[in-house]
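Each remark here refers to the structure printed beneath this line.
The values are calculated or read from the model by the stated rules, or taken from the named source; none is laboratory data. Note that the structure is a prediction, hence the values are computed from the model and not measured. Because the Cβ atoms are built from the backbone with ideal geometry, glycine has one as well, and the counts that use them run over all protein chains shown.
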Amino acid sequence: MILLTPSSDFFQRINKLFLSEQARGLPIKEFLRRNAANGISIGNMVMGMASILCSLNGQHYLACWLVFIGYLLDLADGAVARRLDACSALGAKLDDFADYTTFGIATSLLLRTPHMVDNVLCMCYGLCVFTRVCFFSSGIPFVYKGLPCTYSSAIVVSASLLSGGNTMVLRTTAVILILFMIHGSRFYPHDRVLESQAWKKAVYAGGVLVVFSSIQSVCCVYYLLWGVSYMLFPVSIWKNGKV
């Protein structure tokens, strides 16, 4: 009979194998930590691309719902990156590409109709978002002036669903939002919802619940109020938080 002791060759081999498995696992954990936020940004981009395809295929309802999900992902990626201490230049670029895909192209396509006026408005909206994303990524000091495209997108989607795609409602909404986005004298705080007061985290949690409840009217009203409150009362309501 072979007596197995802690100093035996069998235990030494097991211990060596276990340590080597741990060593191989560390890079994987580090990779996941560094790229968790990037994965969320890519998820946002995927939602935007899927919304674009749905719009082109005439699936307006699904296109709007995918933008809502992208909205939630966009508010989460920065918080995850800072929480995991994984902010990077790559992550910033991915976030910019995702924002323009979801809140620029995908949202502007919701304004598209066979009429030339709506097509021009669609292009103007997309260019406005593109300009904001460029200024944001450049680090220019007035980067936070003008309504962020994330909230503008939430308002467009909500108005589109609540009005049943009414052309006049969407035209009016888009023009107002474009003016708010390019308004250089209007300051909007870069509020970190998931890193701020408890009530703001509750607002975010409510946004998740109403999206997955699939109750259209409740979801649209919720996001419309969320976006409009940020658009009209950015300082009095949304500024007081951790920055």
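Quick notes
- Residues within the stretch 163-213 that are under 21 Å from residue 237 (Cα atoms) and hydroxyl-bearing (Ser, Thr, Tyr), tallied: 4
- Put simply, of 14, 52, 40, 69 the only residue that is assigned to a helix (DSSP H, G or I), at pLDDT 85 or above, of a type in the set (A, V, I, L, M, F, W, C) and more than 12 Å from the chain's Cα centre (by Cα) is 52.
- Listed by first and then second residue, the pairs linking a residue in the stretch 128-152 that is buried (at least 19 other Cβ atoms within 10 Å of the Cβ) and among the hydrophobic types (A, V, I, L, M, F, W, C) to a residue that is outside any helix (DSSP H, G or I) and modelled with pLDDT of 75 or more, with Cβ atoms under 7 Å apart and 6 or more places separating them unless they lie on different chains, are 128/182; 147/188.
- Any hit, the stretch 178-194, residues being part of a helix (DSSP H, G or I) and acidic (Asp, Glu): no
- Filter result for residue 105 (part of a helix (DSSP H, G or I), more than 25 Å from residue 193 (Cα to Cα) and in contact (Cβ under 8 Å) with a residue 24 or more places away in the chain): no
- Residue check, residue 81 in contact with a Ser or Thr (Cβ under 7 Å, 6 or more places away or on another chain) and modelled with pLDDT under 95: no
- Residues of the stretch 155-167 include none that is in contact (Cβ under 8 Å) with a residue 24 or more places away in the chain, of a type in the set (Val, Ile, Thr), assigned to a loop (DSSP other than H, G, I, E, B) and under 21 Å from residue 105 (Cβ atoms).
- When residue 171 is tested against (1) crowded, with 20+ Cβ neighbours inside 10 Å; (2) at pLDDT 90 or above; (3) within 21 Å of residue 104 (Cα to Cα), only condition (1) is not met.
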